[in-house]
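Since the structure comes first, as structure tokens, the remarks are kept for the end.
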Amino acid sequence: MPITLLWAVDVYGRVYSLSTAGQRWVRADDLLLELKRVTAGKGRCWGIGCDHHIYLNIMPSETSIRYREETYENQRWNPVDGFTDVLLPTDRWPWSDVTGMNPQPLHSFQLPSHSWEWEGDWYVDQSCGEPSQTGGWEYAVDFPANFSPDKKWNSCVRRRRWIRYRRYTAQGTWAKIPLDDPKKPPLPLCDISCGGWEMSDQSGRYPYLWGVSQQGQVWFREGIHPRVPEGTSWEEVEAPKEVAQLSAGPGDLLWALLWDGNLLVRTGLSLDSPTGTSWLEVESPSKEVEALHVAVGVSVVWVVTKDYKVWFRRGVNSHNPCGSGWISIGGEMMMVDVGLNDQVWAVGEDRGLYFRMGVTQAEPSGNGWIPVSAQWGTNKELIPPRDECEFSGHPTETSQGPAPSGADSDSELGPTNSEHSATPILEAAAPSIVPLGGGDTFAPPQEVKEPSSASQQDAPKAFIPASDSFINSLVSDRDRISTTQPSITEMPQENGVEMPPAPVLPTLLTTGHDVPFMNVDLEGAGTARSAQAAGCSLSNVLGTLENSQCIGEEDGPVWAWVSGGGCDVDASSRISWLSSTGPLNSSLSLTPVQSAAWSEQPQKQQHQEITRKPLERSNSVWVRKGALRWWRDWKPQRWMDVGVALEQSTKSDGKKDSIFFVYYTQYDEKKVGFHVPTWFRRKGGNKNKTRSTKCIITDSLLMHVQYLQVFINEVTALVPVLQDCHYTFAVYTAERTKQRWPLILAAPSEKEMNDWLELLSDCCCEWRGIAGAPTRQALWSTTSKGDIMVHEPPLSLEAAAHPMACDLMFWRQIPGHLRCVESNSLGLVWGIGWDGAAWVYSGSFGQQPSSVNPEIHLQTDVKSVHVYENQRWNPMTGYTDKGLPTDRHMWSDESGLKECTKGSTNPPTPQWSWVSEWAVDFSVPGGTDKEGWQYAADFPTTFHGHKTMKDFVRRRRWTRRCKITVRGPWKMVPPIHLSDISLMPCLAQSKMEQVPLWALSDKGDVLCRLGVSPQNPAGSSWLHVGTDQPFKSISIGGANQVWAIARDGAVFYRGSVSPQNPAGECWYHIPSPPRQNLRQLSVGRTSVFAVDDNGNLWYRQGLMPSYPQGSAWELISNNVTKVTVGPLDQVWIIADGVPGFPTETPGSVCHRLGVGPMAPKGLSWDYGIGGGWEHISVRGNSAEPLRGPAPPPGGPSRSPALQRPAAQANGRAIETSQSLPSEDYLPTLLQ
């Protein structure tokens, strides 16, 4: 986490800063500086001085702020004097800007303020042409034609640019902003606010500055830029009424406080219109009490009224900046400020600083106030809250009595209890987290002696409300422990004794009854906390003042203002000066329930409420908890902060069961008084395991603590995925695979993501009895992200009757990073990286590797990222980036549907890092001209590398390389880079001295690897096989059948390949399907399948030993990306999509059912896991299934099959045949 600063001002105008990495307040170096208030942003802080001037403090950085001043010297040629500065009356000024409209002589440039200094003198910019020849001059026929460094016979005018740099020298100090000249400056300002640097997700932009004058006018600071941090001038923004104070958020949110106590909301704020378009008025939270202060963040609004009550505005976002209603928040504050990550800081009525604890996206209002306890001065004394009290500040019901009539009744405050007014009582009702296994017994409350009446009279006033917790609503029907509530008393302290930090309120646990609408035991859900709060008299702890101390510094600063706009903290940050003993989040804390009891319940009864009776505790139960982010994929789709817990318990037979919980808080704006647990339904009527476990009700607000549960024995895959450049992984179950609805979770770091993946994967493998390395029969696959996945196939996977369903397959990850993997049943596994490097699996098979595994190597992979620059021709300017309204983006991906610029394009995942700069790619298919352009008549037709008269559009591809480094059981096979590879499939009991391996180099050359065996999986050398053109796909099947596809789509068969002649004799050309170009094929024991450029799957008919080339191609299906055929002629594909789920990411594992000797083409498809799968290989699975009756022909597919009336290729119907193979081919199939 970067080091940032919290800024504050005391009542004497002294400015202090507190670092997130430090422990002490640091006063500004300028001891004479006195500010009224400050407003901070990223890397800077603005302030209003007591002299009504604006001050700016830029954080020091390694990069200096430099600004380039430039002016142009213009000359015209005449026959007598040559080039001279005597110009025509209609010409531009002799010294001007680039347009020539404004005069700019060298002596007219002045430093804008004392915070700048010149770096040097003026010099000529000689960047164009040869400096010795041109002297920096550019020539043209006349003003304002296009200038060039080449002087021609008709060059009558010339110009050259003069440059001078100035540097900002006031970084790290408070610099006065000069008044506007010659524009009229605003009247003295009484408030300023900095914001807008995250507007429209443009993170890192420069901030905007707003101000309010003493006459109620609103002003906007123009010209703020990274090179001009002070801005240039003030612009008045019309307001319907006089404004007293305003607040600008990091995004497009701006609220203003009127003198009459109401509020204004500025609408229409955007990058194109930074000052907005109009105002909307919002009433004060309380009709009787006017608003005193307003503060906004990205999507939150906080208000303090004149009775020092704090209010939170719910429903605020960019589309609804006004929000929908007010919620009362506990605590009495004088002002609040919303900083980064919507974190809230406040100055209390006691003039102490406080921080709002538990503010997250799921719970934006937080759950309690804690003091900012930092050291100050020259000693190590802490600055606690003024009366040493801790707040509890959950959103509360705003009325303690009968609700008034009207829609805004939720903004009324009811009468307080008379007992509380007589004796100040402090009640904190935040939940308590009980250690695992420690929730059976509860400690009785400690008795507290009644204080004396004298101490009660001297006790300071308690300004904290008696109760403001949502949990009180949750546990309102539970019995409370009756305790004596002590009053706040003074506790004298000896001189020289350090003041303690904020007191920790002890927790009292209550034995509550089960809430009717609960279905999971929540530890501490009904906990009420109460404790004796004591105030300390500061008069007895004042030590001897040092000479350097000023008035008001002897007891620590008395705060008047705080700004956290530049302080980067969040709810999970661990800052030394923020107390960690304050109120806790209202979160789901799981007790050790028996997971087996849950999992044994019938699936058909999952919608029923789980028994609320406590089960017998098990000493072997353990829980791993953490915090992740969850992608909620129903509207509104967004990332949500969630808590996660993995609970594992042991049955009586020793078998372990585990449940993975994801829990979060959700708010519903409903005015209800009772809630029944509900199931959320996804589009299509399928149940999502999201259940309300806690329901807390206030006026117009309903809060659910909900959870998702996943039984570990139902998990089928844990897959890292690409999404929003997060460290993201997906959790699949059989049901979620059917519905194409995985559970998407994101971790804050790569290490935490890997820890969770490893933990969950270990639990899954332990339950399934999988240990150690993959077996020789394993199915290997890779994802589009490069992760390697394996599946251990059971005998029923390829059974003719009742085969194992694809969505029940369990996939686990193997360390490494590859584009494709090929294997066979002898334990040979080869892979190819995205950079073409060949890798061979060096791990063991079917046994647990040792803790110190020498077979784990460092593996690197390099990938190229591409963006396309598009242009259209017009008669005036030629090719330009100004396209038609219907054109694609001028910077896009290959399809043109997504805008991709060089600046906005990032590496695929955070694990990748750039290793090169952007460069034009000249190796684009179709060829390019000398500048890398490809031409076409229009988008998106086929592009070619030469320009013709009919070409009106062009594009060129820019490429940039990125690199990833991982560790895995893979060893590189240098030096040739490959594009495709194939191992001959065989039975597990086969005995071969050398295993045939064929490959293609990245240049299209055909290679045969010699010396490959189970004892030497890497082989010894490459043998080049001659071809007359480059190839793009190759596959070797049973009996040394080698098939290949050339880059032009032609198909070839290699003849006479044998163990004695591994390279074969010659190539035989095989006709392709009509008007189709094949791109990939796979050869099994007796069958050949291929995929064309349009995604159609073809089967080669008529294969016989006497005629191995076959007779014809038959169309099987479309929607196919890749195909793999195993040693038993089993057929698997990577499908481009799944019918019925058009939005799913391409790439799904799919199994061809019904494949057998009598039906080599199969009958139907079974769709399995999908969404981002790149490659699959089943060529190692030679385990023959158990014999059984064949399924009825034409039976319904388990997964939805592709619907098409007739087999088609490029729009032309092709006759397909489902007849049995010919009699002369049956003996070959049965061999």
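The values are calculated or read from the model by the stated rules, or taken from the named source; none is laboratory data. Just so we're clear, the structure is a prediction, and the values are computed from it rather than from any experiment. All Cβ positions, glycine included, derive from the backbone under ideal geometry; neighbour counts span all protein chains shown. The protein model used for the area step is the full one, side chains on, heavy atoms only, and it has no ligands, DNA or RNA in it. Shrake-Rupley method; radii C 1.70, N 1.55, O 1.52, S 1.80 Å.
Could you look through the range 284-298, keep only residues that are buried (at least 20 other Cβ atoms within 10 Å of the Cβ) and not hydrophobic (A, V, I, L, M, F, W, C), and pick out the one that is farthest from Pro250 (Cα to Cα)? Talk me through it step by step, then tell me what you get.
Step one: filter the range 284-298 for residues buried (at least 20 other Cβ atoms within 10 Å of the Cβ), giving 284-286, 291-298.
Those left that are additionally not hydrophobic (A, V, I, L, M, F, W, C): 284-286, 293, 297.
Numbers: Ser284: 23, Pro285: 23, Ser286: 27, His293: 18, Gly297: 6 Å.
The extreme case among them is Ser286.
Scan the range 298-325 residue by residue and report those that are under 21 Å from Pro207 (Cβ atoms) and modelled with pLDDT of 85 or more.
Just the residues of the range 298-325 that are under 21 Å from Pro207 (Cβ atoms), to begin with: 298-302, 316-318, 321.
Scanning the range 298-325 gives Val298, Ser299, Val300, Val301, Trp302, Val316, Pro321.
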Only residues in the range 337-362 that are over 17 Å from Val296 (Cα atoms) count as the first member; pair them with residues that are open to solvent by 20 Å² or more (accessible area, probe 1.4 Å) and assigned to a strand (DSSP E or B), Cβ under 7 angstrom, at least 6 apart or cross-chain, and list the lot. Gly348/Glu332; Gly348/Met334; Glu349/Glu332; Glu349/Met334; Ala362/Asp641
Somewhere in the range 736-748, is a residue surrounded by fewer than 19 Cβ atoms within 10 Å (Cβ to Cβ) and over 23 Å from Glu1144 (Cβ atoms)? yes
Just to verify a result, which residue in the range 857-907, among those that are of a type in the set (D, E, K, R), in a strand (DSSP E or B) and in contact (Cβ under 8 Å) with a residue 40 or more places away in the chain, is most open to solvent (accessible area, probe 1.4 Å)? Lys863
Only residues that are touching a strand residue (DSSP E or B) at 6+ places or on another chain (Cβ under 8 Å) and assigned to a loop (DSSP other than H, G, I, E, B): list them for the range 635-659, please. Gln637, Lys651
Which condition does Trp958 not pass, out of (1) at pLDDT below 90; (2) within 27 Å of Cys820 (Cβ to Cβ), if it passes all the others? (1)
Go through the range 1014-1073 and report how many residues are more than 18 Å from Asn824 (Cβ to Cβ), part of a strand (DSSP E or B) and in contact with a Pro (Cβ under 6 Å, 6 or more places away or on another chain). 0
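Would you mention how many residues in the range 244-267 are assigned to a loop (DSSP other than H, G, I, E, B) and open to solvent by less than 20 Å² (accessible area, probe 1.4 Å)?
Of all residues in the range 244-267, those assigned to a loop (DSSP other than H, G, I, E, B) come to 249-253, 259-262.
Checking which are open to solvent by less than 20 Å² (accessible area, probe 1.4 Å) leaves us with 249-251, 253, 261.
So the count comes out to 5.
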Options Gly129, Gly172, Gly136; residue that is outside any helix (DSSP H, G or I), modelled with pLDDT of 85 or more and open to solvent by less than 50 Å² (accessible area, probe 1.4 Å): Gly136
Kindly provide the set of residues from the range 268-283 that are open to solvent by less than 30 Å² (accessible area, probe 1.4 Å) and at pLDDT 90 or above, ordered by number. Val282
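Report yes if Glu73 is under 23 Å from Tyr168 (Cα atoms) and out of contact with any helix residue (DSSP H, G or I) (no Cβ under 6 Å at 6 or more places or on another chain), otherwise no. I'd like the intermediate steps shown before the answer.
Values: under 23 Å from Tyr168 (Cα atoms): no; out of contact with any helix residue (DSSP H, G or I) (no Cβ under 6 Å at 6 or more places or on another chain): yes.
No; evaluated as a whole, the condition is false for this residue.
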Could you please let me know if Lys683 is on the phi < 0 side of the Ramachandran plot, modelled with pLDDT of 50 or more and exposed (fewer than 15 other Cβ atoms within 10 Å of the Cβ)? no
